[in-house]
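> Quick one: the structure is below, questions incoming.
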Amino acid sequence: MSVLVINSGSSSIKYQLIDPVSGQSVANGLVERIGEDLGHYQHTYGGTTTDIEEPVPDHGVGLRKVLELFNTAGPSLENAGIKAIGHRVVQGGKYFNKAALIDDAVVSRIRQLIPLGPLHNPAHLKGIEVARELFAEIPNVAVFDTAFFQDLPAEAALYALERNVAEKYEIRRYGAHGTSHKFVSSQVSEILGRDDLKQIVLHLGNGASASAVVAGRAIDTSMGLTPLEGLVMGGRTGDIDPAAVFHLQRVAGMSVDDVDELFNKRSGLKGLTGENDMRTVWKMADAGDQRAHEAIDIYVHRIVHYIGAYTAEMGGVGVITFTAGIGENDARLRAKILDRLAVFGVTVDADANQPHTKVPTTISAADSAVRVMVVPTNEELAIAREAMDLIS
């Protein structure tokens with residue numbers, strides 16, 4: 001029994017064949033540079049990776065080639081017992097608080113939400129369209145990044161914007177990375193054997209977000225109407241005074257699209273240092289680049305700001321968890337953040353805080369007032385399990 005999980009991006013397709021019960025990844029792969037002169041396929045199964053470089057004109061060609069790779073490089077999908085196709089969808093708006101069986105009405109709603117997810121939903125729709133054609137007899141299920149934050153308290157979900165305008169144009173805080181935040185916070189509760197925890201989850205990757213979770217329910221998150229709000233990211237500003245938009249339009253003559261690109265693709269670490277990869281920024285800082293030092297300090301400051309705010313909102317915090325690419329692998333950054341939390345009684349076990357861990361690990365010292373953990377996220381497994389739960 002397995003689920004094929006598809007994460008369709010604007011110019012890429014990530015996929016994984018997963019046993020939702022054991023959690024084992026049977027096979028996985030990536031199609032990238034879709035629409036460019038030369039595309040790239042990478043398919044891994046049984047310890048063997050197959051790489052192919054050839055044009056990938058569109059998502060349909062890409063997914064058909066993926067099916068071919070399963071047949072030639074393994075495993076055979078006919079014998080894989082696929083029960084569902086799970087699709088990651090970033091923006092579900094106010095309409096989806098859980099996974100949904102994909103039909104024409106769900107597709108229509110995802111399309112309607114493109115203005116709220118212009119960088120993601122169009123690509124998801126391409127993947128869904130092709131998968132429904134190629135796997136017509138298998139249920140296709142949409143799992144939404146925003147679903148975990150659908151039930152945020154009004155005080156956290158609503159902006160102080162004129163109500164008529166906000167309601168008409170569906171402007172509220174939707175969050176993102178919800179599948180990861182739900183998976184990680186659930187893992188922590190399971191590991192510690194408690195369902196009453198006050199948790200802060202830090203999903204730190206090229207995209208970054210924080211959440212406050214009480215007894216398994218999200219009560220706040222850093223991303224808002226779009227994934228732009230909140231923490232400093234690889235290419236996104238995170239929190240910024242909205243009046244900066246008016247200023248750039250009036251003084252710099254920038255269009256809405258110009259500002260959109262600036263804030264979403266040319267800011268964050270990229271805007272501060274010229275590089276969007278934290279590993280490269282650390283190398284620059286170690287070489288004496290003052291801009292890189294400042295970028296790291298700004299990145300850390302924003303995270304500490306949210307930790308402080310969420311601790312106050314929850315009336316305390318029991319567990320702080322790091323996850324995603326940077327969160328799981330950058331021990332130095334974790335230490336830098338946690339050093340600033342000494343006022344909360346946080347102390348770190350330097351030996352436990354190793355650069356990389358593939359299993360859930362506690363990195364706080366025994367006498368720490370707050371437990372600190374590193375828990376690898378697995379959004380694909382979470383999608384596979386939600387898809388199976390739905391069709392079951």
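The values are calculated or read from the model by the stated rules, or taken from the named source; none is laboratory data. Remember, predicted model here, so these are calculated numbers, not experimental data. Glycine also receives a Cβ, built like all others from the backbone with ideal geometry; neighbour counts cover every protein chain displayed. Just so you know, the surface numbers come from the protein's heavy atoms only, side chains and all, with ligands and any DNA or RNA stripped out. Shrake-Rupley method; radii C 1.70, N 1.55, O 1.52, S 1.80 Å.
> Within region 213-254, track down each residue that is at pLDDT 95 or above and polar (S, T, N, Q).
221, 222, 237, 249
> Moving on. Does residue 279 satisfy the criteria of being loosely packed, with under 14 Cβ neighbours inside 10 Å, within 23 Å of the chain's Cα centre (by Cα) and without any contact (Cβ under 8 Å) to a residue 60 or more places away in the chain?
yes
> Going through region 163-179 one residue at a time, which ones are more than 19 Å from the chain's Cα centre (by Cα), in a helix (DSSP H, G or I) and either among the charged types (D, E, K, R) or within 28 Å of residue 380 (Cβ to Cβ) (or both)?
163, 167, 168
> Picking from 351, 297, which residue would you name as being of a type outside the set (Gly, Ala, Ser) and either closer than 30 Å to residue 196 by Cα or open to solvent by less than 20 Å² (accessible area, probe 1.4 Å) (or both)?
Going through 351, 297 in turn, the sole match is 351.
> Quick check: is even one residue across region 245-256 open to solvent by 50 Å² or more (accessible area, probe 1.4 Å) and under 17 Å from residue 208 (Cβ atoms)?
Within region 245-256, none of the residues are open to solvent by 50 Å² or more (accessible area, probe 1.4 Å) and under 17 Å from residue 208 (Cβ atoms).
> Kindly establish whether residue 317 is out of contact with any Gly (no Cβ under 9 Å at 6 or more places or on another chain), free of Cβ contacts under 8 Å to residues at least 40 places away in the same chain and of a type in the set (A, V, I, L, M).
In short, no.
> Could you please give the count of residues in region 46-57 that are open to solvent by 50 Å² or more (accessible area, probe 1.4 Å) and either assigned to a strand (DSSP E or B) or basic (Lys, Arg) (or both)?
5
> Output the qualifying pairs, or none if there are none: Cβ atoms under 7 angstrom, residues six or more apart or on different chains, first residue in region 230-255 and more than 22 Å from residue 306 (Cβ to Cβ), second residue part of a loop (DSSP other than H, G, I, E, B).
What qualifies is 248/254.
> Could you tell me which of the residues 64, 111 is among the charged types (D, E, K, R), out of contact with any Ser or Thr (no Cβ under 9 Å at 6 or more places or on another chain) and within 30 Å of residue 224 (Cβ to Cβ)?
111
> For region 311-322, what are the residues that are assigned to a helix (DSSP H, G or I) and open to solvent by less than 30 Å² (accessible area, probe 1.4 Å)?
311, 314
> Could I ask something else about it? Among the residues of region 115-127, write down those that are closer than 21 Å to residue 63 by Cβ, part of a helix (DSSP H, G or I) and open to solvent by 20 Å² or more (accessible area, probe 1.4 Å).
122, 126
> Separate question: All but one of (1) within 30 Å of residue 107 (Cβ to Cβ); (2) in a loop (DSSP other than H, G, I, E, B) hold for residue 160; which doesn't?
Checking residue 160 against (1) within 30 Å of residue 107 (Cβ to Cβ); (2) in a loop (DSSP other than H, G, I, E, B), the one that fails is (1).
> Kindly indicate the residue of region 354-388 that is open to solvent by 20 Å² or more (accessible area, probe 1.4 Å) and not in a loop (DSSP other than H, G, I, E, B) and also farthest from residue 87 (Cα to Cα) among those meeting that condition.
Restricting to residues being open to solvent by 20 Å² or more (accessible area, probe 1.4 Å) and not in a loop (DSSP other than H, G, I, E, B), the top hit is 371.
> Which residues, taken from region 1-45, are under 16 Å from residue 83 (Cα atoms), β-branched (Val, Ile, Thr) and either open to solvent by less than 60 Å² (accessible area, probe 1.4 Å) or part of a strand (DSSP E or B) (or both)?
Within region 1-45, 3, 5, 6, 18, 26 meet the criteria.
> Shifting gears a bit: Among the residues in region 191-212, are any surrounded by 17 or more Cβ atoms within 10 Å (Cβ to Cβ), modelled with pLDDT under 95, closer than 17 Å to residue 379 by Cα and not small (Gly, Ala, Ser)?
Yes, region 191-212 contains at least one residue that is surrounded by 17 or more Cβ atoms within 10 Å (Cβ to Cβ), modelled with pLDDT under 95, closer than 17 Å to residue 379 by Cα and not small (Gly, Ala, Ser).
> I've got another one for you. Only one residue in 86, 92, 29 is within 17 Å of residue 131 (Cβ to Cβ), touching a Ser or Thr at 6+ places or on another chain (Cβ under 7 Å) and modelled with pLDDT of 90 or more, so which one is that?
29
> Additional query: Scanning region 81-106 for residues that are open to solvent by less than 20 Å² (accessible area, probe 1.4 Å) and farther than 20 Å from residue 224 by Cβ, which turns out nearest to the chain's Cα centre (by Cα)?
Taking the candidates together, the pick is 87.
> Residue pairs, Cβ under 7 Å, 6 or more apart or interchain, first in region 64-76 and within 16 Å of residue 131 (Cα to Cα), second assigned to a loop (DSSP other than H, G, I, E, B) and open to solvent by 10 Å² or more (accessible area, probe 1.4 Å). List them.
70/76
> Let me ask something else about it. Considering 101, 119, which residue is touching a residue at least 60 places away in the same chain (Cβ under 8 Å), over 25 Å from residue 20 (Cβ atoms) and aliphatic (A, V, I, L, M)?
The unique qualifying residue is 119.
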